[in-house]
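The structure under discussion appears below in the form of structure tokens.
The values are calculated or read from the model by the stated rules, or taken from the named source; none is laboratory data. Worth saying up front: this structure is predicted, and the values here are computed from it rather than measured. Don't worry about glycine lacking a Cβ; one is built from the backbone with ideal geometry, like all the others, and counts go over all protein chains shown. All accessible areas refer to the heavy atoms of the entire protein, side chains included, with ligands and DNA or RNA removed. Shrake-Rupley method; radii C 1.70, N 1.55, O 1.52, S 1.80 Å.
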Amino acid sequence: MTVETIKTRKDRKVRGLYCRSGIWYIRIYHKGHDWRFSTGMKSKKAATQELSRAFANKAVFIAEKLADKERTRHMLSDWAKEYLVRMEQNGRRDMKRRRQCVDAFVDRFESRATSEISRKDAEIWREELKTSMGPASLNRHLAYARHLMSEGVKRGHIASNPFAGVEQMKEPPGRVRYLELEQAKRLLEECDQWFRPFMALGLETGCRKGELANLIWRDVDWKAGFIQIRHSKNGESRNVPLTATAIQVLQEISRRLDHSYVFSDRNGSPLIIDWENHERANGLPSPGLEYRNGPLQKALQKACKAAEIDNFRFHDARHHVGSWLAMQGVSMDARMAILGHKTERMARRYSHLSPDYIKGAMELFSEKSGTKIGTEEKTVMQR
């Protein structure tokens, strides 16, 4: 078939040529096999010329394409390593979790090239994960694998994302946990001396554990009464207002001369992993670094046991702050700004009200409603 012959069919679908995601592909039959190759072209005219070359000598064309494919074959394990480096350079705060999920995906398909992972493979992996983890963890694994392959599409390693459209599992309602004020006071009294200010600031600000572990003294604005979270979970910075109690907590912390972090462990060392190697040219450490969770976890468990408080995690301090802000009538927008939420749905999750508060609200309603019950005639009267 010549170029001229193909051109006469410009108003019809050209046999052996099809488009996917804006890229033209060639499909030819040779010696009983169905061969399909990407032209890498967005222009139909250029792809048509490539198709003519393919029909002119199918054997030579197929051999060239197979050789090119082998040279550009990207192994999944190699691309995953490059991807994780790119994400870390971009300042992604969730690198520990991202690395775990990506590594699990690579371990399952390590011998494959990125272009060899199919939609069926993605669905098979999802079914395998169901046997070993809950819906939330499974969805995180799928999300990170989907992003890994999406970035591969952008860089031309694969034609389409095999995880696109793979159904996630329905997750149960979010955890709801907060402390009554007396419980919070009792918990702080039982905390070890080095851990008490860390826990206290969590209960006063609602900051995440990693945000506090990364806090440096230059992030504290004493005059304005704010701390700056330079790198939150969503990768953005935000300013968190300090209460009088929070300011007092910070003022009572002894500053270290050997590092710039606000919080240290019982030995005076920062909670950040390998913190010495993360200082930048401006003298500030990189934001959003991984931290040592072990000492914090053990200290909180010890304090909860002594204070007789069950089923409380550090992240529940965000529920605590969000709930009490709601009970004091703080607006949704303000709560989202303080806690760093991007959607109202997330903000509402942390705004469950205590039974005592709800009961008090109903009693206030009863007083204001003007309803009287129990006159001498035992009737109901309205003002």
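Would the range 229-244 turn up any residue that is part of a strand (DSSP E or B) and open to solvent by 40 Å² or more (accessible area, probe 1.4 Å)? Yes, the range 229-244 has at least one match.
Remark: pairs (first residue in the range 17-28, in contact (Cβ under 8 Å) with a residue 12 or more places away in the chain; second residue basic (K, R) and in a strand (DSSP E or B); Cβ separation under 9 Å; 6+ apart in sequence or on different chains) = L17/R27; Y25/R36; I26/R36; I28/R36.
Select from the range 203-237 the residues that are more than 20 Å from S260 (Cβ to Cβ) and touching a residue at least 60 places away in the same chain (Cβ under 8 Å) and list them in ascending order.
Taking the range 203-237 and keeping what is more than 20 Å from S260 (Cβ to Cβ), we get 203-204, 206, 225, 233-236.
Of everything in the range 203-237, those that are more than 20 Å from S260 (Cβ to Cβ) and touching a residue at least 60 places away in the same chain (Cβ under 8 Å) turn out to be L203, E204, G206, K233, N234, G235, E236.
Mind checking whether some residue in the range 57-80 is closer than 24 Å to E123 by Cβ, of a type in the set (A, V, I, L, M, F, W, C) and in contact with a Lys or Arg (Cβ under 6 Å, 6 or more places away or on another chain)? Within the range 57-80, one or more residues are closer than 24 Å to E123 by Cβ, of a type in the set (A, V, I, L, M, F, W, C) and in contact with a Lys or Arg (Cβ under 6 Å, 6 or more places away or on another chain).
Among helices (runs of 4 or more DSSP H) entirely within the range 291-348, having at least 2 residues that are open to solvent by less than 60 Å² (accessible area, probe 1.4 Å), at pLDDT below 80 and in contact with a Leu (Cβ under 8 Å, 6 or more places away or on another chain) singles out 316-327, 332-339.
Of everything in the range 93-112 that's at pLDDT below 90 and either of a type in the set (V, I, T) or under 13 Å from A143 (Cβ atoms) (or both), which residue is most open to solvent (accessible area, probe 1.4 Å)? Top of the filtered list is R97.
A quick yes/no check of all residues on (1) of a type in the set (D, E, K, R); (2) over 23 Å from I309 (Cβ atoms); (3) open to solvent by 60 Å² or more (accessible area, probe 1.4 Å):
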site	(1), (2), (3)
A145	no, yes, no
G165	no, yes, yes
E189	yes, no, yes
T205	no, no, no
K223	yes, yes, yes
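Quick one: would you say M149 is in contact with a Lys or Arg (Cβ under 8 Å, 6 or more places away or on another chain) and aliphatic (A, V, I, L, M)? Taking the combined requirement at face value, the residue does not satisfy it. Taken over the range 114-165, the residue count meeting the criterion of being in contact with a Pro (Cβ under 7 Å, 6 or more places away or on another chain) and closer than 18 Å to M87 by Cα is 1.
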